[in-house]
Every structure is written in C-alpha cells, then in structure tokens.
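For reference, the structure discussed in these notes is given below.
Every number in this text was worked out from the coordinates using simple rules, so none of it is lab data. Not measured: the values here are computed from a predicted model. Neighbour counts are summed over all protein chains in view; Cβ atoms, including those assigned to glycine, are modelled from backbone coordinates with ideal geometry.
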Amino acid sequence: MTQAPETVFGDDIVAKAQELKGRYPESRSALLPMLHLVQSVQGYVSREGIAFCAEQLGLTEAEVSAVATFYTMYKRRPCGEHLVSVCTNTLCAAMGGDAIYKKLSEHLGVGHEETAGEPGEPGSITLEHAECLAACDLAPVIQVNYEYFDKQTVESAVELVDKLRNGERPKPTRGAELTDFKTAELQLAGFFPEDEERFAADVDGPSAAEETLRGAALAQERGWIAPPMPEEGSRG
Amino acid sequence: MTLAHQKPSETAQTEVPEGHVRLTIDGQEVIAPKGELVIRTAERMGIVIPRFCDHPLLDPAGACRQCLVEVSMGGRPMPKPQASCTITVADGMEVKTQLTSPVADKAQKGVMELLLINHPLDCPICDKGGECPLQNQAMAHGRTDSRFVDRKRTFPKPLKISTQILLDRERCVLCQRCTRFSQQIAGDPFIDLLERGAQQQIGTSETAELEKSASHTPDGTPFQSYFSGNTIQICPVGALTSAQYRFRSRPFDLVSSPSVCEHCSSGCAERTDFRRGRIMRKLAGDDPDVNEEWICDKGRFAFRYTTARDRIRKPLVRGEDGELHEASWPEAMRLAAEALLKARDGKGIGVLTGGRLTLEDAYAYQKFARVAARTNDIDFRARAHSAEELQFLAAQVAGTTPEHVSFASLEKAPIVLCVAFEPEDEAPIVFLRLRKAARKMGTRVAFVGQWTTSSVRKTSGELLACEPGGEAAALDGIAEHAKDIVEALSAEGAVILVGERAATMPGLFAAVQRLAERTGARVAWIPRRAGERGALDAGAVPTLLPGGAPVTDAGARAALEKLWRLPEGSLPAEPGRDTAGILAAAAAGELDALVVGGVDPDDLPDPRAAREALDKVGFVLSLEMRPSAVTERADVVLPIAPTAEKAGTFRNWEGRDRPFEVTLQNTGAVPDCRVLDTLAVEMDVDLFTQTPKAARADFVRAANSVTRPAATPVEAAPEAEQAKAETNGHVKLSTWRQLIDNGSLQVEEPHLAGTARPAVLRLNEATAQRHGIVPGEPATIRTERGELSFPAEIADLPDDVVWVPSRSPVGVYEALGVGHGGLVQLSAGTAAGAESAEGPAGETGGAA
C-alpha cells in the first residue's frame, strides 16, 4: 500500500504562499517573503522548502536556490529556538562586539551559524556574527530573533543567552516582545496578528531609542535646518 | 549646452538617416542604428574590444567587465570607463577603446588580472586550451606575470551538473553566458549563480549546499535540458565540458569539417571535429537562416553509432546454415541481383527506405524501384502513415521552398499554430525559433494537443486541448472555441505547423487544409526525421515521381523515360502500395522480395506484422549500418556509409537543401546510391547514381523535366467516424517520441542517455483518483496485446486520457499494438503486479 508522501507544508502554508503570490504584480517578487514563510515552518530553508517555493511560483529549483544562497537571513541549517546575532561590524566590534562574540562562542560552545542544543528544541540557540545591524549609536548591539538588545557587555550577553536557554524571554531594549525564531520569520514573511492590540504589542513596539533621536531633538531645540537645495540650472 | 565643444564638421557630413545616430570610435566617425551596442558598432568597424560575457544572441549582461572603454558625451567624459557591451550608441558620443585610450587599456588590463586571480591556469590539461577566449586574450592583452601571491580559491572538481555536463568552478569567470543561454534561449533555467559573494559559483539545485529534512524530498533537479551542450560551446573558458569529450583530444589535433546534422528535419549546420578517422565531437555551425548558433544535444552528442563495435563493414550473405556470413561485394551483389531479378519477374519487389536518407540516396532508391524493380511499391514512411497524408504531402508539401514557410517566417508570423506537433521533442531548433519569436517578436504560439507540455510553456503558448484523435474535430470547431485564433490565423504571415503524428489521425490533414483555406494561413509539414522531406521530393513514395508529378501522369512518365533512356511505356503507371501495403503484400505472398534501407520495425504501427512480413517474404535485401530486426531476417545485407562518411544533401522541412561533403575520407564505406547503382548494373540496368553528385545532377534534371500539378483538395480518410468507438472502462492514449530515447542513432551514448527526460505516464488528477493511481507510483496501461508501466505524473490532460513516451525505452506499438488515439486500460501498479493489485479494487470488473 502506498500513500502520498507527507508534505512538510500543509494546506495553511500553501494558502499563505498563494496569498503572498497575490500581493505582487510579478509572482516572482513573492519569493523573498515566501522563503521566510518556509523558515517559519522548518526553522531553515531546506530542499523541500526550495522545491515548495519553486512549485508555488513556477520557478526552477535552481532559480530559488540562487536567491536562497544569496542572503544571510536565509539559514541553510536548522536553527535553534532563538537566533542570536552579534554585530561585529567596525563600530560595534571596537566597542566590545568582538569580545562579546568570542565569549558567547566559548560559552555556548558553537561557532558562526551553529546551534547550541538540539535545533528547534526549547532553549536551543543559534549563534551568528552579523554585519551592521543599524544601531551604531547603541553599540555594541545584539539581536535575538531580530529584536534589539542595546549597549551590551560581555557579562550582559552571557546573562541574556543563559536566560534564553532557561526558557525565559527577556524584554528587548526596545521594539516588540521577544518571541521565537519561527514566529519572527512568519512576521518577516508578512503575516501579522490581525488583532490590533496584539499587533501593537507583538510587532509594532516603539523602536526609537533616546540616542537615536538625540540629534533630531538638538536640531529642533536650536532651530537648525538643512541648507536649501541649489536651484535647478544654477549649478557651476 | 553649447555647440562650442563639438568638433567642427570635417566634411560636408553625410546625412544621418532616420533612427540612426552619429558617433566616433577611436576618432573615426560612424553612423549606427539607435539602440546598437557600442561593442557591436566597433566590431562592424573592425575594432575588436575584448569580451567574455557578451554574445550577440544573448541579452546584454555586463558581467565580466572586460570590454571597458572610455566614453564621453558631447565633450563631457563619463566618470568611469563603461562596459561597451551594455552601453548603446548615442548622438555625439565619443568612444575610445584600448587602442586609443590609456584609461581603457589600463582598465581592461586590470580586469584581466582580476579574472586570472582565481583562475587555475591549468591550460595544458584543459579541454578549452588552444581555443579558449580567456587564454587568447590573456596572451594578447594580459600581463606576463601575476602580482597575486595568496592561495587561489578552489572547489572540488569536476562537478557533475548532469550526466553529460561537467563543471570546473575554479575555471569559471562568472560571465553568465551559460545561465543566460539556459534562461533566455532554451527556457531551462536549471543552472544559476549560487552563493553570491566570494564563493560565487554556477550550480544547480542539486549542487547547492542545502540540507533536506527527514521527510520525503526531491534531491533537486540536474541540468536537464535538450540544449545543454550549447553552454559548453559558448563558455569562454574551460569551466563547462562534456563527459563525452573531456580529456579526449586537443583542439589543435582535430581536423574540422563543416557538416549537417542527420537527426531531425531542421538540417542544422554543424562542425564535425575528427582525429585519426574518428569523430571526437560536434559543434554547432553558424547559420543565421537555420539554426543560428545552436544545436540540440542529440545533434551534438549522438554520433558514436558510426563507431559502434557491431557496425557492419562487409557484405553478409545468409548461408545454408541459416546464419549470416561475410562475403565479398561481387558475391553479395550477384546473389542479390539474381534473387531480385527472379522476384521482379515473379510477383514483384517492394522497397522500404526509412526516413533517414539523403536526397541523393532517396532518389537512387526510387529510381531503383521504378527502373530496376519496375514498381511503384516504394515508401519512405517507416512510421504510422496514411493515404490522406500522402495526398496532403503531394498537394501541399512536395516542391515547396523556404519562400513558403521558413525559420525566419516563424519569427515574423503573428501566430503559429502547432497541430499534432511537439517541437521540443520533434524538431528542437524549430522550438528554439518559436521561443525566440514569442519572446522577442510577440508571436502567439498555439498548440492543438493534449497537455501543457514544455513546448507550450516555454513559448508562452496557448493550449487548445482535445482528446487524442480529436484533433481534426478541434480544428473544424476552432471558429467556435477559439475565435481569436481564427482571426489571428487570417492575418498576413500566419503559419500552421503540422507534425508527423497527424498521419495517425484520420481526417486531420483534410481539416488542416480546410483551416488553411478558410484563413489563408500557410501550412508547413515538419517531419521528425532528417530524410523525410528529401525522400518526398525525390519521389520515394508510391504515388509521386521525382519533382512531385503523380505517377499516373503519362506526360511526366514519358519525360522521365526519355531522360532516363528507357523504352517508352516502361515506367509503371499504377500507383504503388504504401509501407503498410507493401508489408501486407509481402506477408500474403503477393511480393517475392523486399529491399529495405534503414527501417526499424518498432517504428511501424504494427511491428509484429512487419517482422512477420520480413519472415515470410521470399527474399530480403537489407542496406544497413548495424544489426537490426531487418538484418536478422535478411538474406543479403549490404553495408552502407553513415552520414559522416559520405557526401549528400538533406532537404530540411523548409525545403532548403543542406548539402554536405565527406567528413571522414576513405573509410571504405559506400553510400546507398552507389550500392544501388552497382546492384542495378548487376541487374543490367543503369541508374547513373554512382556518386551522390551524379545522383543529384540526375535528380535535378528529372525534377525539372516534370511539372507538379496544381494543389488538389485532400480527402479525409473514411475511418474518421469509426474513431468514436466504445470507450467504456478505457482511456485514450496520447503518445509521441521524446527527443532522447532508444533511437538507433543514439546507441553507445550513455552520457546523453542520462539527460533524457524521465519516462512517465501523465494523466490528470481526476483520472488518477478514479483509477487509484498515486503520483510517483507506477501505473500500467494495457491492451489485449500487452502492457506497459511507468511512474505516474499529474498533468493537465483531458479526463480519461493518458500520455506516455512512444519509445522510452519500450515501443508503444510493439507492446500495446495501438498508438496515439488508441484505447487502453489503465490501472495502478506495475505490469507484473498489476493483475493481483487491481483484483480487489474491482478495476477489471468495471472495465469488462
């Protein structure tokens, strides 16, 4: 007796994929969110995930593989419950990012894009060193599932991952509440809670920090404005 | 903006024509059409700018940066050197290439140095060494040493991206010619750029570093394209090689000879490279009128049949022990001639020629039949055929030239309607043209067929789905079902293409002709085999003389009798029997001998009857290259030359002559026309076809001495109504041959065979459910004669219709006794286990 091979992606995911496809005039444009959708199911982009996107969008698996292997946000090995990204770009690195990464790597016993614990199990953590996370004013920063933990130290970072391993969900410095990697991936795919309040709490948390706005506040206080644009034709 | 910067006109300048611009390249003034790429304009002026990624038939990419030039517009220099393969000409543009600009020269040298940083420089062991653009340009423009002292980037090698194509990633300069070809020209984007960044590389979804989860999953798709070999040819480095040719030879050891492909009716220009009497490889020739610069993988890789170990090189005669024994030519000829003379004076001789002859050889066969055997019992159609088809060929096809319908007119057509024709499998280069027409010219391509095949998809085609066998009705009803298509067909330049499968469907040719008359669209017939069109024009059919005059035309016969110096009234006047008729007559003892050239009984609608006829008939003469079902039954076998060892002409589907010379000289193999000429002499008849050249001259004289009658309407074959038989419990079969299958010219090519499309049984979801068939699991079709099993695949076929490939690997006719449009029983499971598996399901009960 034979059965249809079990598909990883159920009807609800097919429906979501179709919804994504309908959001763009060119269906191929839906590939980026769809790869996030795939990650929200499996915690990474697998061969099945590639085949699924290809089938949904009428692309070849090679075309989908090309995109999936381009971006670092598409993980090709199963991720932990949480993804911890340590910024090691110039400013963060100088402010302690390198030391944080080194310490976390030792503490967790894993390297770049490796997972401490069984991937997908509670308390498992995937570590990565990331390129610029766009928060130099708050350096050094760590992201957990792309939520910010600002102005970290080696000690605070160790404390953070220990809490994560214990199943706690520490509050990010700003932005929305911490969930897990797969949930964050569903949001990245473009699917948000319909309930207004939950949306505000889970997704739309205040993300501006005092440091971020300090310049704007100063300028407003002192009445600084940008110089006028040169008029058309008056160049040279 | 002022005019002061502009150079004063040196002369009374020539007027710039509408749609053109004036610019200078290296100080020379030139007028170029708007939109032309600078690199192309320079090329026309004889200024060569080095390049790797640029290819005139591919969309510009600007990927390799080797073609950098200095550009200024109206005296204002652009801030950086520009890629001349992506920048288009503009009025007042000044371009300086490496010849006049130190900036461009330095930029190009820098790019070359960068390209070579990770290149292994393993030219001495690389297949491309000696004909490599990177090697040549590095020698011409590069540095003599490298400043790069670090370790080069390496990859495991070679990477098998299909059974045929091998990839050495460290040699790649990432020009993307191969990916652009696959995506744009072939429509098979199974290779792409992976791992962008420092590890950027070409790959397939199989080679991508991806993990699978524990559940069922595909392993990705290899580079499974009918056109994959072209990527090897356009690769400007040695990154892509074929398993067939890798490490076999050096380019400078090869002798190259222009040739013509012997496989399909497109007649592609090829270049055959050989060494010490053996063909090492084939490349696409450049012929803008026919194949542009592309050929399919069958044309490129399927040539080892010529060196097959079992090739027949000496005449064979069946001895008293019933076995074939080698014999001398004179002995074999004498035996054959004696037997044939006896047969001619007895009940007669039938001549079956197959579809792979050159025009000259086909002409020799028909002359042999009419003059030496004194019969019109000759037919080239070694496949399903009908009287209706023959009428259609006589009325609509014989004698047409490329002026009627050509590759170029497919590009200009507002619409092309394909009827019973699957271009990618049957004439791949026609497919490429249709895809180009659809992509670049907006040509509509419509298909009367059963499902959305790759040809439909990749030509953005519209499918007019019908049941197999329902094609004629679909065409007659097209005005109701698809009014817009009829309107489009009525426009100037519209084309209807009809394939060889049409002969299996009574009434279809008549319906095609009616539609053409109603709309004014032009009709072209595209057979699958290279020799069919030439054989038709040469008169290797029971009803037509060379030049397309009917055999019943006394005037034409008289003219040929005069030309051929025959006694008046000696040419047979009665139309002869077709292939089926000849075989039936042979089986019934109404013929005493058969002369058979290159026929595979499995191609015929009733292979068993064909073999039986060969068994029963008194004498069989076989002209063959390799042992076959015919030689097994032959009394005398005469070896003949493969295409590479003879000269000749293939007349392609357009009616365009594709002459070729001998590639491998002095192999001792002789062409059919010469064998027949000598045999005829033994029979005391002169054919004057000793050489292909003589045969051709004789053909031209013959064709010119008769007149082709005006086209007559095609009568639908009477069986049309009968097709609506009892279908209770049965499904209808749709079938045609895939390009790469078990054809006899594809032997000894395991790497090519590995790129064949998987043989599957296709059906729609509802039909699958009704029969308990699960996709991916085996399904079986069966008739009283036998059964065939394939893995099932869901496709958009009509209800109760299944599709299977005709010979991948088993012949459908042989196994089932039916073909396209036939009725079969369908069940889940494999052939062997089907009986028991289906019992409990009650499937047989329903079908009985």
message: I want to check the label-to-label distance for B:Arg44 and A:Arg77. Put each point 7 Å from Cα in the C-beta direction and report it in nm to one decimal.
response: 5.6
statement: Helix-only [θ] at 222 nm, chain A, -39500 (n - 2.57) per DSSP H run of 4+, per residue, nearest 500, equals -12000 deg cm²/dmol
query: What size of dipole, in debye to the nearest 20, comes out for chain B about its Cα centre when the only charges are +1 on Lys and Arg C-beta atoms and -1 on Asp and Glu C-beta atoms?
result: 2880
- request: Please list the non-local residues whose amide H lies under 5 Å from the amide H of B:Val620, H modeled 1.01 Å from N, same-chain partners needing a gap of 5 or more.
  value: B:Leu594, B:Asp635, B:Val636
message: Going by Cα centres, the stretch A:165-236 and the stretch B:173-206 are how many Å apart?
response: 38
field: Whether the stretch B:276-407 is rounded, prolate or oblate, judged on the alpha carbon gyration tensor where a/c under 1.5 counts as rounded
entry: oblate
Dipole of the protein assembly as shown, positive end: most advanced residue of B:Gly569, A:Ile142, B:Pro671 [Cβ charges, Cα centre]: B:Pro671
- request: For each of A:Met95, B:Met45, count neighbouring Cβ atoms within 10 Å of the residue's Cβ, then give the residues from fewest to most.
  value: B:Met45, A:Met95
query: To the nearest 0.05, what FRET efficiency results for A:Arg222 and A:Ala94 with a Förster distance of 22 Å applied to their C-beta separation?
result: 0.15
task: Decide, for chain A, between rounded, prolate and oblate: order the square roots of the alpha carbon gyration tensor eigenvalues as a ≥ b ≥ c, take rounded if a/c falls under 1.5, and otherwise choose prolate if a/b is larger than b/c, else oblate.
output: oblate
Of the DSSP H helices in chain B, those whose Cα atoms cover at least 18 Å axially and whose Kyte score averages -0.5 or more: B:102-117, B:329-345, B:692-705
- request: Enumerate the calculated ³J(HN,Hα) couplings along the stretch B:392-401 in order (Karplus 6.51 cos²θ - 1.76 cosθ + 1.60, θ = phi - 60°), each rounded to whole Hz, writing x wherever the residue is Gly or Pro.
  value: 5, 4, 5, 7, 10, 10, 3, x, 6, 10
message: At a threshold of 8 angstrom on Cα-Cα distance, excluding pairs fewer than six apart, so keeping six or more, what relative contact order does chain B reach in percent?
response: 12
- prompt: For labels at B:Asp476 and A:Glu231 in the simple 7 Å Cα→Cβ model, what's the distance in nm?
  reply: 8.0
message: Output the 0 to 90 degree angle, nearest 10, between the alpha-carbon long axis of helix A:47-57 and the longest principal axis computed from the alpha carbons of chain A.
response: 90
- prompt: Which trypsin sites (Lys or Arg not before Pro) from the stretch B:530-619 combine a DSSP loop assignment with at most 10 other Cβ atoms within 10 Å?
  reply: B:Arg565
- request: Report ³J(HN,Hα) in whole Hz for each residue of the stretch B:148-161, in order, from the Karplus equation J = 6.51 cos²θ - 1.76 cosθ + 1.60 where θ = phi - 60°; Gly and Pro get x.
  value: 7, 10, 7, 6, 6, 6, 10, 9, x, 8, x, 9, 7, 8
- prompt: How many times 2.2 N^0.38 Å is the alpha carbon radius of gyration of the stretch B:150-253?
  reply: 1.11
message: Within a 10 angstrom radius of the beta carbon, how do B:Val69, B:Val700, B:Val21, B:Val397 rank from fewest other beta carbons to most?
response: B:Val700, B:Val21, B:Val397, B:Val69
field: Cross-link partners of B:Lys109 among lysines (Cα-Cα below 25 Å; sequence separation of 8 or more within a chain)
entry: B:Lys80, B:Lys96, B:Lys128, B:Lys152
statement: Listed by chain and number, the residues whose amide H is under 5 Å from that of B:Gly507, excluding neighbours fewer than 5 places away on the same chain and using placed H, are B:Ala717
query: So if we plug the beta-carbon distance of B:Glu403 and B:Phe252 into 1/(1 + (r/R0)^6) with R0 = 41 Å, what FRET efficiency do we get, rounded to 0.05?
result: 0.45
Acute angle (nearest 10 degrees) that the helix A:210-222 long axis makes with the longest principal axis of chain A, alpha-carbon atoms: 40
Phi to ³J(HN,Hα) by Karplus 6.51 cos²θ - 1.76 cosθ + 1.60 over the stretch A:12-22, Hz, x for Gly, Pro: 5, 6, 4, 4, 5, 4, 5, 5, 4, 4, x
message: Need the C-alpha centroid separation for the stretch B:559-634 versus the stretch B:464-498, integer Å.
response: 37
Placed amide H near B:Ile25: partners under 5 Å, 5+ positions off or other chain: B:Val30, B:Val95
field: Sparse-neighbourhood loop sites, GluC sites (Glu not before Pro) in the stretch B:66-167 - DSSP loop, at most 16 other Cβ within 10 angstrom
entry: B:Glu131
Low-density loop positions, chymotrypsin sites (Phe, Trp or Tyr not before Pro), the stretch A:31-74 - DSSP coil, at most 16 other Cβ in 10 Å: A:Phe70, A:Tyr71
field: Neighbour-count order for B:Arg529, A:Arg174, fewest beta carbons within 10 angstrom listed first
entry: A:Arg174, B:Arg529
- request: Can you tell me the relative contact order of the stretch B:726-836? Whole percent, Cα pairs under 8 Å, sequence separation 6 or more.
  value: 40
field: Kirkwood Rh in Å, taken over chain B so that all alpha-carbon pairs contribute
entry: 29.5
task: With the Cα gyration tensor of the stretch B:726-836 in hand, give its eigenvalues times 5 under a square root as the equivalent ellipsoid semi-axes, listed largest first in whole angstrom.
output: 23, 15, 13
Whole-Å distance, taken between Cα centres, linking the stretch B:506-521 and the stretch B:283-339: 39
message: At R0 = 45 Å, how high is the FRET efficiency between A:Val203 and B:Asp286 if r is their beta carbon distance? Nearest 0.05 is fine.
response: 0.15
